[in-house]
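Worksheet: one structure, shown below.
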Amino acid sequence: MFDNEKLCDWPISYLQDKTMGIFTGDLILVGAGSGCGKSTLSRLITMSAKKQGVPVVLYSLENQPGTFVREETRMAYNADTGSCINERAFKQAHHDNPARYEKYRRQVYEESNRATESGLKLFKLHESVSDSNWDVNKVIHSMSEEYEQGYRLFIIDHIDMLITDPRNELTQTYSNMNKLWAFVASKNIALITFSQLAGSMREGVLAPSDEDLRGSKTKGQRATAVITLSRHDYGYYILGSNPHAAPTYVRLAKFRDGKTGCAIVFFENGEYIDYYQEVLCNKTGTLVDGLNQEQLVKFKIQQQGTRK
């Protein structure tokens with residue numbers, strides 16, 4: 001019988017307050033659509049763990065080599081200077097004048113190569129193109145070696161990249177999740193893995209549920225928690241002190257150890273602001289605070305007309 005140990009806090013205050021943090025024994029599945037922050041959140045969890053002195057392994061299976069370091073460098077630059085330069089603009093700026101960002105890049109390398117008192121490096125990174133033949137067995141074999149080294153927190157971004165036979169996606173997803181859960185349970189580690197939302201998601205969904213994950217018939221069964229993220233593009237929720245912060249629905253759609261829930265959180269300049277607004281959400285995620293998508297679209301149109 002294992003004792004479940006808290007490893008670190010979440011970089012989103014709503015999730016931290018709801019779950020009390022990331023614990024050994026957790027198999028957490030985070031679902032989001034394309035461009036809705038899966039890789040950003042995986043980086044933020046990684047950076048948060050490092051700052052808390054918790055060694056972490058990130059399998060970044062979708063990004064090209066160098067992506068993580070460049071993004072951490074951009075975020076360090078923005079934090080230090082107050083800049084809001086986005087990913088695309090930073091690629092060009094870094095290409096034109098890499099020396100300008102050298103101290104931030106060096107800072108990222110130094111933080112990533114810092115070690116605990118036992119000598120374990122705080123961060124280990126796998127990026128996809130350096131080894132494009134990952135499957136779930138290879139990932140588990142690699143994590144097993146890292147477990148023996150002393151790592152207890154693992155992140156896979158994202159699990160759909162481990163589907164090697166698209167014709168049998170549901171069957172393979174079920175098998176992959178069973179294997180990952182068996183590893184989590186046998187080693188008492190924490191694993192956070194990311195998933196695409198279903199391409200044919202139900203109409204009118206604002207805050208997706210665990211049924212809206214790609215391969216949803218099997219994917220969420222083994223997870224101890226399912227979290228979904230989706231953009232709020234209707235202008236209804238605005239952070240009064242900071243109207244430029246982007247609102248996002250964050251839903252704790254499944255949680256074995258407590259209550260589920262939903263909140264509006266706000267994202268700006270590479271991080272989630274330490275403020276959130278809890279909202280009521282129906283089971284399907286089509287009604288949030290008593291409003292459906294059609295009503296929110298009408299609200300947005302009215303607001304645009306008022307500003308003209």
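The values are calculated or read from the model by the stated rules, or taken from the named source; none is laboratory data. Predicted model only: the values in this text are computed from it and were never measured. We place every Cβ from the backbone using ideal geometry, glycine too, and count neighbours over all the protein chains shown. Note: areas computed on protein heavy atoms with side chains; ligands, DNA, RNA excluded. Shrake-Rupley method; radii C 1.70, N 1.55, O 1.52, S 1.80 Å.
Key figures
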| item | result |
| --- | --- |
| Cα convex hull of the range 1-140 - mean projected area over all directions, nm² | 10.7 |
| Rough spin-label spacing in nm, given labels placed 7 Å along Cα→Cβ, for R167 and Q304 | 4.5 |
| MRE, 222 nm, helices only [DSSP H, n ≥ 4, -39500 (n - 2.57), over the chain, to nearest 500] | -11000 deg cm²/dmol |
| Stretchable slack from E203 to S13, in nm (0.36 nm times residue separation minus alpha-carbon distance) | 65.5 nm |
| Per-residue HN-Hα couplings for the range 269-283 [Karplus 6.51, -1.76, 1.60; θ = phi - 60°; Hz; x = Gly/Pro] | 6, x, 8, 8, 5, 7, 7, 8, 10, 5, 9, 8, 9, 6, 4 |
| Heavy-atom accessible area per residue - the chain, 1.4 Å, Å² | 49 |
| Estimated Rh, the range 170-293: Kirkwood, alpha-carbon pairs, angstrom | 15.8 |
| The chain, Rg to Rh (Cα coordinates; Rh as Kirkwood inverse mean 1/r) | 0.96 |
| Pairwise FRET efficiency - E278 versus V69, Cβ, R0 = 41 Å, nearest 0.05 | 0.70 |
| Taking all pairs of distinct alpha-carbon atoms in the range 84-240, Kirkwood radius in angstrom | 18.8 |
| Between the range 111-165 and the range 34-67, the Cα center-to-center distance that results, in Å | 11 |
| Dipole in debye (nearest 20) - the chain, about Cα centre, beta carbon charges: Lys, Arg +1; Asp, Glu -1 | 460 |
| Highest-fluctuation residue, A198, A32, A190 considered, GNM on the chain with Cα pairs under 10 Å | A198 |
| Apportionment of accessible area to carbon and sulfur, the range 19-103, percent (1.4 Å) | 50 |
| Estimated distance in nm for a label pair at K91 and E294, the labels positioned 7 Å out from Cα along Cα-to-Cβ | 4.0 |
| Surface share of carbon and sulfur [accessible, 1.4 angstrom probe, percent] for the range 152-308 | 48 |
